[in-house]
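All remarks here apply to the structure that follows.
The values are calculated or read from the model by the stated rules, or taken from the named source; none is laboratory data. If you're wondering where the values come from, they're calculated on a predicted model, not measured in any experiment. In this analysis, Cβ positions are derived from the backbone assuming ideal geometry, glycine residues included, and neighbour counts consider all displayed protein chains.
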Amino acid sequence: MTKLFVIAQGGGPTAVINQTVAGAVLAAREKYPDARFLGARHGVRGVASGDFVTLSELSKTDLMRFANTPNSGLGSTRDKPDEDYCQRILAGLDHAGASTFIYIGGNDTSGTMAILEDAAGDAIHFIHAPKTIDNDLVENDHTPGFMSAALFVANAFLSVDLDFRAMPGVYVGIVMGRHAGFLTASAAAWRRDESDGPHLVYLPEVPFTEGQLVGDIKRVLDRHGRCVIAMSEGVQTADHRPLAESLIPAHLHERDDHGNLQLSGGDLGQALKLAIKDDLPGVRARVDTFGYLPRGFLGTVSDIDRAEAFAVGRYAVEASEEGSGSVAQQYENGKTVLKLVPLSAVANKTKRMPDDFITDDGCHVTDTGLAYLRRLLPPRPDAWTPFV
């Protein structure tokens, strides 16, 4: 019987998620020359409706062009299937004749796969392939997509720090990350000493108050004449509520289908800018919301990230012989290795920044955290330090 693989992409796009698709298709082609490989449009929504692309018909040249293109080329979804939806997904896989379903995504995607595995028994093998710029998957040292997004953030903050040396003031860059601060922390990866920005780094793991923010800014301005801040969009106040809830008027709150406050728009940035200007009159203050830019930016795709995402796809096909599970990127003896771990070990869990990555005052990254980030990013560009 001819093997048939189905692959889909879930959650937010990344710069290298298509590499995982291409790696899986080419591995299947080598291992099972007669196998068919279908890609579902828009994640499990396409699986349930039978909306597939026949990837096994593409040439290697076209697959690699697809691989090197950022963002989810098959389309994606944030659907969280209930019991009825899962039955429709399983019916779609059964109708297609699938023996293996590979779903590329983060926490929610792994949770979906765990539910499907329980419902299907041994009829189909379910493989979760890791992907998230948030870098918040347990069992993983780092996740495909993170390095490229972190490279964007590191470049952006080095560049803006040079800008604010020339024309001093207060700058805040708001970076994606609802529960984990890895991506925001990457803003500090190329910092050499305390005079380099970002001077303050605020993460979801450490609650803080608006009053603390103002005090921190004043302290940095007194010392350096400027203040560059990296702030996670998911940063929380002391009562464990998103800062956005405190600063944005209630009638402007936007929530997704799951009740989560939308954090990636510009409302938080505008509210924060007004708050800083009110508390620090006369100070030049600018706030940028990076939004979606870092996660699939064509100009800052990490070569290592590309290669690792491709390898994850190959491994997903090879590991499917063992049964269901989640592919994990782990770090052993100075190199990244791939392992298949149970879906239950990853599903719906969140890895946060370790305590020893965050300074005691909660507003910066420790040497341990910086060492981790510098292991994953290329060296700092040789930029001249200005005379001012």
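A few comments on the model shown:
- Among (1) over 24 Å from Arg314 (Cβ atoms); (2) surrounded by 15 or more Cβ atoms within 10 Å (Cβ to Cβ); (3) out of contact with any helix residue (DSSP H, G or I) (no Cβ under 6 Å at 6 or more places or on another chain) - the single one Val341 does not satisfy: (1)
- Residue list for the range 56-100, filter: of a type in the set (Ser, Thr, Tyr), over 14 Å from Arg36 (Cα atoms) and assigned to a loop (DSSP other than H, G, I, E, B): Thr69, Ser72, Ser76, Thr77
- Each residue in the range 1-28 was checked for being hydrophobic (A, V, I, L, M, F, W, C), surrounded by fewer than 24 Cβ atoms within 10 Å (Cβ to Cβ) and in contact with a strand residue (DSSP E or B) (Cβ under 8 Å, 6 or more places away or on another chain), and 1 pass.
- Qualifying residues in the range 328-338 (those that are of a type in the set (A, V, I, L, M) and over 18 Å from the mean Cα position of the chain (by Cα)) - the one surrounded by the fewest Cβ atoms within 10 Å (Cβ to Cβ): Val337
- Checking Ala123 against (1) in a loop (DSSP other than H, G, I, E, B); (2) in contact (Cβ under 8 Å) with a residue 60 or more places away in the chain; (3) not assigned by TED's automatic domain parsing to the domain that holds Val287, the condition it does not meet: (2)
- Helices (runs of 4 or more DSSP H) wholly inside the range 274-384 that include at least 3 residues being closer than 21 Å to Ala149 by Cβ: 303-319, 367-376
- The single residue among Leu162, Leu90, Leu137 that is modelled with pLDDT of 95 or more and either touching a Cys at 6+ places or on another chain (Cβ under 8 Å) or over 21 Å from Ser344 (Cα atoms) (or both) turns out to be Leu162.
- Verdict on Ala371 being aliphatic (A, V, I, L, M), in the same structural domain as Ala114 (by TED's automatic domain parsing) and either in contact (Cβ under 8 Å) with a residue 60 or more places away in the chain or surrounded by fewer than 16 Cβ atoms within 10 Å (Cβ to Cβ) (or both): no
- Among the criteria (1) surrounded by 15 or more Cβ atoms within 10 Å (Cβ to Cβ); (2) within 24 Å of Thr209 (Cβ to Cβ), the one Thr359 does not fulfil is (1).
- Flag for Met167 being closer than 25 Å to Leu137 by Cα and either in the same structural domain as Leu370 (by TED's automatic domain parsing) or touching a strand residue (DSSP E or B) at 6+ places or on another chain (Cβ under 6 Å) (or both): no
- Flag if Arg29 is under 14 Å from Ala316 (Cα atoms) and among the basic types (Lys, Arg): yes
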